[in-house]
1. Being out of contact with any strand residue (DSSP E or B) (no Cβ under 8 Å at 6 or more places or on another chain), buried (at least 18 other Cβ atoms within 10 Å of the Cβ), more than 18 Å from A:Thr146 (Cβ to Cβ) and β-branched (Val, Ile, Thr): is that true of A:Thr224 here?
2. Determine whether the stretch B:181-199 contains at least one residue that is within 19 Å of the chain's Cα centre (by Cα) and either without any contact (Cβ under 8 Å) to a residue 12 or more places away in the chain or facing chain A (nearest Cβ under 10 Å) (or both).
3. For residues that are touching a residue at least 40 places away in the same chain (Cβ under 8 Å) and part of a loop (DSSP other than H, G, I, E, B), tally how many sit in the stretch B:200-235.
4. Looking only at the stretch B:161-174, which residues are part of a loop (DSSP other than H, G, I, E, B), surrounded by 15 or more Cβ atoms within 10 Å (Cβ to Cβ) and either touching a Ser or Thr at 6+ places or on another chain (Cβ under 6 Å) or not hydrophobic (A, V, I, L, M, F, W, C) (or both)?
5. Can you name every residue in the stretch A:201-233 that is within 24 Å of A:Gly296 (Cα to Cα) and either within 14 Å of chain B (Cβ to nearest Cβ) or not hydrophobic (A, V, I, L, M, F, W, C) (or both)?
6. Tell me which residues, restricted to the stretch A:31-54, are within 22 Å of the chain's Cα centre (by Cα) and surrounded by 13 or more Cβ atoms within 10 Å (Cβ to Cβ).
7. Given (1) within 14 Å of another protein chain (Cβ to nearest Cβ); (2) within 13 Å of the chain's Cα centre (by Cα); (3) modelled with pLDDT of 95 or more, where does A:Gly118 come up short, assuming only one miss?
8. Out of the residues in the stretch A:1-30 meeting the condition of being more than 16 Å from A:Ala115 (Cα to Cα) and of a type in the set (A, V, I, L, M), tell me which one is surrounded by the fewest Cβ atoms within 10 Å (Cβ to Cβ).
Number of protein chains: 2
Amino acid sequence: MDKVLGIDIGGTSIKAGMFSTEGELQATAQIPTGEIVGEADFAVVTEGLKKLLEDNGATADDVVALGLDVPGPVDDSGKVGMLPNIKLDPEGLQAALKRAFPHANLAFVNDANAAALGELWQGTAKDASSFVLVAIGTGVGGGVVTDGKIVSGAFGAGGEIGHITVNRDETASCGCGRKGCLEQYASASGIVRVYEQECAARGTEPVALSGPTDTLSVFNACSTGDEAAQAAISCMCDYLGYALAQISVIIDPQMYLIGGGVAGGFKLFDEELHAAFRKYCLVPSKDARILPASLGNDAAMYGSAFQAMHG
Amino acid sequence: MDKVLGIDIGGTSIKAGMFSTEGELQATAQIPTGEIVGEADFAVVTEGLKKLLEDNGATADDVVALGLDVPGPVDDSGKVGMLPNIKLDPEGLQAALKRAFPHANLAFVNDANAAALGELWQGTAKDASSFVLVAIGTGVGGGVVTDGKIVSGAFGAGGEIGHITVNRDETASCGCGRKGCLEQYASASGIVRVYEQECAARGTEPVALSGPTDTLSVFNACSTGDEAAQAAISCMCDYLGYALAQISVIIDPQMYLIGGGVAGGFKLFDEELHAAFRKYCLVPSKDARILPASLGNDAAMYGSAFQAMHG
């Protein structure tokens with residue numbers, strides 16, 4: 001039976017899913033890894049994947065496609081760019097996988113793009129031909145789909161929507177070195193940063209936070225009437241709605257999906273985000289839908305598998 | 001012999017080109033029209049096209065594809081939206097054309113999108129898989145191509161790059177009702193408007209202008225050392241470079257083409273525009289090329305034909 005593997009590469013482990021070619025997730029495995037740079041490391045990955053298959057009645061020969069997502073740029077030709085956050089030799093791993101799974105088409109995908117493809121295959125965007133996934137986590141990533149295909153970009157920067165400039169008056173620098181990026185206000189760390197600024201401006205005490213990306217506590221504070229928390233969420237909605245309006249005058253997608261950790265609070269900011277988008281967008285695009293993504297942390301695993309099948 | 005017709009619909013006439021399926025422009029005709037809303041008007045168009053074919057050794061039966069561009073939105077499904085600047089019944093014309101050219105695949109395309117497709121077929125973008133045409137005329141239009149296909153948009157607003165917001169502090173309104181759109185600074189009328197403002201601020205006399213879109217005189221003034229003209233062109237370059245940088249973080253195209261009337265002055269602002277783009281863009285996209293379009297006023301005619309063949 002033909003199988004497809006989708007693999008989400010993290011800093012300390014990889015998460016692998018075994019799919020049917022129709023997109024049914026049949027089994028998953030977590031494989032602990034360190035850096036993935038030498039033959040011994042590659043063998044940990046290939047053996048872990050073979051075990052997943054064998055535990056579920058399949059073999060390496062059944063694998064027709066195998067996709068991996070990476071936290072960094074992958075250009076239109078499938079070439080992996082710089083990966084600042086993980087130790088991975090993509091070419092070495094690719095060669096090892098090619099030997100272990102000789103019938104498989106291999107593909108690397110950027111992680112946010114993979115999440116978008118997952119939503120396209122089996123998630124909220126299943127019947128959409130154009131949409132943009134906004135992945136709000138520590139940063140803001142994105143996946144742009146037009147005509148049913150991911151737009152990786154000629155230089156691998158397609159979907160870097162966290163770096164749309166939304167405030168030309170910002171004095172603090174973004175991680176990218178530029179100033180006033182969406183990510184500075186609408187990421188988990190951005191929401192917490194703005195919340196703390198709003199508390200300071202009001203002379204109020206912030207609620208206890210478990211860390212610099214603890215938006216859950218900010219959302220909870222908002223629900224109980226914390227004005228600084230409400231202001232931080234309004235700031236996020238305003239800048240995010242503004243950024244989506246800029247995307248709409250360029251590619252005018254059918255829908256936007258909000259994914260990543262912050263998506264859990266979608267109901268809390270749904271209305272305000274819609275209102276901000278409609279305030280800033282060009283009239284024809286005002287009916288674009290804004291919806292929560294549905295596959296959660298599994299989206300990239302689904303999308304990596306999909307890309308390997310169709311890329 | 002199979003023929004393809006590309007038709008550029010203007011306010012007082014249509015310009016039609018007869019092409020081979022390989023993209024060779026074999027003959028053109030200008031057909032005077034008024035409004036195109038009734039059977040008599042449609043007959044003027046169909047008879048004019050038949051004469052173009054017959055004068056050049058072909059017949060209506062040879063036409064395998066027939067594309068028309070319109071100055072307004074056309075969505076992903078090919079449906080024509082509101083056309084404020086011309087009197088045209090697209091459905092009536094389509095039915096008349098279907099009767100006159102029974103073997104032809106018909107397609108409507110937005111004019112800026114058609115110009116982009118023309119450049120993709122036979123112009124500067126011939127080998128590109130992703131690029132954005134920036135058509136600078138009275139306004140600023142655009143055509144976005146990803147993976148070799150035009151992005152019309154779910155609501156027909158794809159490529160409306162003249163409405164990217166570049167200045168949130170603007171107090172004057174754009175034609176779209178919003179404020180601070182690229183078009184307010186980088187269109188022909190925008191350049192002239194900024195030039196006149198710069199002259200007023202300096203207390204200098206503007207050069208004689210033939211009208212509100214006479215950028216040629218502004219460019220000439222710049223070449224002879226007019227500081228207000230230089231300031232207007234710098235303003236255009238800064239906002240346009242900024243807008244292209246926003247496009248790059250979303251779809252990251254290989255190249256940008258500058259078309260429309262202002263493209264004639266490309267050499268004058270080439271360097272300054274590149275510098276502005278590189279100042280604002282995310283690092284990986286800094287090698288995106290910015291080039292002049294090459295088909296001039298014929299681009300939309302080429303692109304309409306191409307879309308009808310491939311759409």
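The values are calculated or read from the model by the stated rules, or taken from the named source; none is laboratory data. All of these numbers come straight from a predicted model, not from anything done at the bench. Cβ coordinates were reconstructed from backbone atoms using ideal geometry, including for glycine residues, and neighbour counts include every protein chain displayed.
1. Answer is no for this residue.
2. Yes: the stretch B:181-199 contains one or more residues that are within 19 Å of the chain's Cα centre (by Cα) and either without any contact (Cβ under 8 Å) to a residue 12 or more places away in the chain or facing chain A (nearest Cβ under 10 Å) (or both).
3. Restricting attention to the stretch B:200-235, the residues satisfying the condition of being touching a residue at least 40 places away in the same chain (Cβ under 8 Å) are B:213, B:215-216, B:219, B:222-223, B:232-233, B:235.
Still in the running and part of a loop (DSSP other than H, G, I, E, B): B:213.
Residues meeting the conditions: 1.
4. The first filter runs over the stretch B:161-174 and keeps only residues part of a loop (DSSP other than H, G, I, E, B), leaving B:164, B:166-172, B:174.
Then keep just the ones that are surrounded by 15 or more Cβ atoms within 10 Å (Cβ to Cβ); that gives B:164, B:166-167, B:170, B:174.
Listed by number, the residues that qualify are B:Asn167, B:Glu170.
5. Taking the stretch A:201-233 as the starting set, the residues that turn out to be within 24 Å of A:Gly296 (Cα to Cα) are A:209-223, A:232-233.
Matches in the stretch A:201-233: A:Ser210, A:Gly211, A:Pro212, A:Thr213, A:Asp214, A:Thr215, A:Ser217, A:Asn220, A:Ser223.
6. A:Ile31, A:Thr33, A:Ile36
7. Here A:Gly118 clears every test but (1).
8. Applying the filter and picking the extreme gives A:Met1.
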